1. Can you tell me which residues in region 213-235 are under 16 Å from Gly250 (Cα atoms) and touching a Leu at 6+ places or on another chain (Cβ under 9 Å)?
2. If I filter region 220-238 down to residues being under 20 Å from Leu132 (Cβ atoms) and of a type in the set (A, V, I, L, M, F, W, C), which single residue comes out as surrounded by the most Cβ atoms within 10 Å (Cβ to Cβ)?
3. Output the residue which, of all residues in region 132-171 that are under 18 Å from Gly297 (Cβ atoms) and at pLDDT below 75, is farthest from the chain's Cα centre (by Cα).
4. Any chance you could count how many residues in region 62-89 are surrounded by fewer than 14 Cβ atoms within 10 Å (Cβ to Cβ) and closer than 19 Å to Glu99 by Cα?
5. Checking the structure you have, find out if any residue of region 211-219 is farther than 14 Å from Tyr197 by Cα, in the same structural domain as Ile299 (by TED's automatic domain parsing) and surrounded by fewer than 18 Cβ atoms within 10 Å (Cβ to Cβ).
6. How many of the residues in region 172-208 are outside any loop (DSSP other than H, G, I, E, B), modelled with pLDDT of 70 or more and either over 29 Å from Asp296 (Cβ atoms) or more than 32 Å from the chain's Cα centre (by Cα) (or both)?
7. What are the pairs with Cβ atoms under 7 angstrom where one residue, in region 219-242, is of a type in the set (Ser, Thr, Tyr) and modelled with pLDDT of 95 or more and the other, located anywhere, is buried (at least 19 other Cβ atoms within 10 Å of the Cβ) and not in a loop (DSSP other than H, G, I, E, B)? Sequence gap at least six, or different chains.
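The values are calculated or read from the model by the stated rules, or taken from the named source; none is laboratory data. Note that the structure is predicted; figures quoted are calculated from it, not measured. Methodologically, a virtual Cβ is constructed for each residue, glycine included, from the backbone with ideal geometry; neighbour enumeration extends over all protein chains shown.
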Amino acid sequence: MKLPDMIGRKIGESGLLASEKAPKLLFVGGVVGMVGSTVLACRATLKLEEVLEIVEADKAKAEDVKNMVEAGNVPEGTTYTDKEYKKDLTIITVRGAAEVAKLYAPSVALGAVSIFALTKSHNLLQDRNVALTAAYAAVDGAYNRYRERVIDRYGAEVDEELRYDFEQIDEVDEETGEVVSRKAITGAPGSKYFRWYDEESSTNFSADPDTNILFLRTVQNYCNDLLKIRGHVFLNEVFSQLGLSHTEAGALVGWRWNKGSGDDYIDFGIWEGKSHELRDPVNGRCGAIGLDFNVDGTIYNLIEEDA
């Protein structure tokens with residue numbers, strides 16, 4: 001590789017890295033600049049008294065001259081009119097103001113640059129957030145359309161099998177003693193919004209299966225009421241109610257009420273539609289319950305429409 005090409009590539013990589021880190025660098029620089037501006041302002045204030053003393057001393061001299069002229073303690077023919085006195089006071093005041101401005105100029109300049117850096121950092125992050133939200137919405141929409149085509153052509157069962165990694169496991173029925181086979185998810189589920197509800201992921205999980213189902217139904221009903229009242233619910237808000245940790249996607253996606261773009265209800269994926277009829281929940285080993293939320297999609301950039 002030629003040396004000029006290597007240098008050009010390094011410069012390009014450095015420029016890309018600087019562009020990526022620009023918001024952070026601008027923010028840090030703005031904070032440091034504001035601190036520096038405060039320090040410079042404090043130092044200028046220490047010298048302010050000296051400048052004000054000089055201004056007051058010059059005004060006192062002008063007043064002394066005026067008094068001497070009025071008292072006749074000056075050579076004959078010497079004059080110092082009120083107009084001249086007022087003009088001198090104005091000159092002294094303006095000169096003093098200029099000295100004060102000179103004292104605080106470094107602090108003001110640094111403060112202005114710092115405010116610009118902080119504002120620029122905020123604008124860059126806001127623009128990137130808008131771009132990322134739009135990109136995520138596009139990907140989410142494409143994924144949902146793909147699922148719709150799969151369901152239309154092959155049915156919901158095939159869609160479920162493609163989204164999850166199922167394993168057939170055998171269990172002994174405690175009442176009958178017979179061996180019963182059921183499907184259980186193994187590994188990482190394919191759904192973007194799938195979460196395990198178990199003792200490791202939530203402090204609300206109970207060893208009693210009926211208690212878990214009752215709790216999940218209660219939370220789902222509450223979230224649906226919130227959706228109707230407020231008009232939107234974020235996925236992370238549902239996670240909070242369930243005692244689950246937040247996700248990056250959960251801050252963007254959720255449900256909107258009566259907008260024609262979703263189901264108009266929140267479903268955890270363990271009931272048949274909006275009814276309370278419990279379908280065969282997606283279970284993992286050790287009693288974990290699989291929750292797959294029917295989010296409408298990205299709503300972060302649409303909240304203003306609900307206001």
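1. Selection gives His232, Val233, Phe234, Leu235.
2. Once the filter is applied, the top-ranked residue is Leu235.
3. Residues of region 132-171 under 18 Å from Gly297 (Cβ atoms): 132-151, 159, 163.
Remaining after also requiring at pLDDT below 75: 133, 136-137, 140, 163.
On the way: Thr133: 12, Tyr136: 16, Ala137: 17, Asp140: 20, Arg163: 31 Å.
Among those that are under 18 Å from Gly297 (Cβ atoms) and at pLDDT below 75, it is Arg163.
4. Step one: filter region 62-89 for residues surrounded by fewer than 14 Cβ atoms within 10 Å (Cβ to Cβ), giving 63-64, 67-68, 70-79, 81-83, 86-87.
If we keep only those that are closer than 19 Å to Glu99 by Cα too, we end up with 87.
Of the residues in that region, 1 qualify.
5. Just the residues of region 211-219 that are farther than 14 Å from Tyr197 by Cα, to begin with: 218.
Those still in the list that are in the same structural domain as Ile299 (by TED's automatic domain parsing) too: 218.
Adding the requirement that they be surrounded by fewer than 18 Cβ atoms within 10 Å (Cβ to Cβ) leaves 218.
Yes, that holds for at least one residue.
6. Narrowing region 172-208 to residues outside any loop (DSSP other than H, G, I, E, B): 172, 179-185, 194-197.
Filter again for modelled with pLDDT of 70 or more, leaving 172, 179-181, 194-197.
Applying the additional criterion that residues be either over 29 Å from Asp296 (Cβ atoms) or more than 32 Å from the chain's Cα centre (by Cα) (or both) yields 172, 179-181.
Count: 4.
7. Within 7 Å, no pair qualifies.
Listed here are the residues, each with its yes/no results for (1) surrounded by 19 or more Cβ atoms within 10 Å (Cβ to Cβ); (2) at pLDDT below 85; (3) in a loop (DSSP other than H, G, I, E, B).
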{"position": "His246", "(1), (2), (3)": "no, no, yes"}
{"position": "Trp255", "(1), (2), (3)": "yes, no, no"}
{"position": "Gly260", "(1), (2), (3)": "no, yes, yes"}
{"position": "Asp263", "(1), (2), (3)": "no, yes, yes"}
{"position": "Ile266", "(1), (2), (3)": "yes, no, yes"}
{"position": "Lys274", "(1), (2), (3)": "no, yes, yes"}
{"position": "Asp280", "(1), (2), (3)": "no, yes, yes"}
{"position": "Cys286", "(1), (2), (3)": "no, yes, no"}
{"position": "Ile303", "(1), (2), (3)": "no, yes, no"}
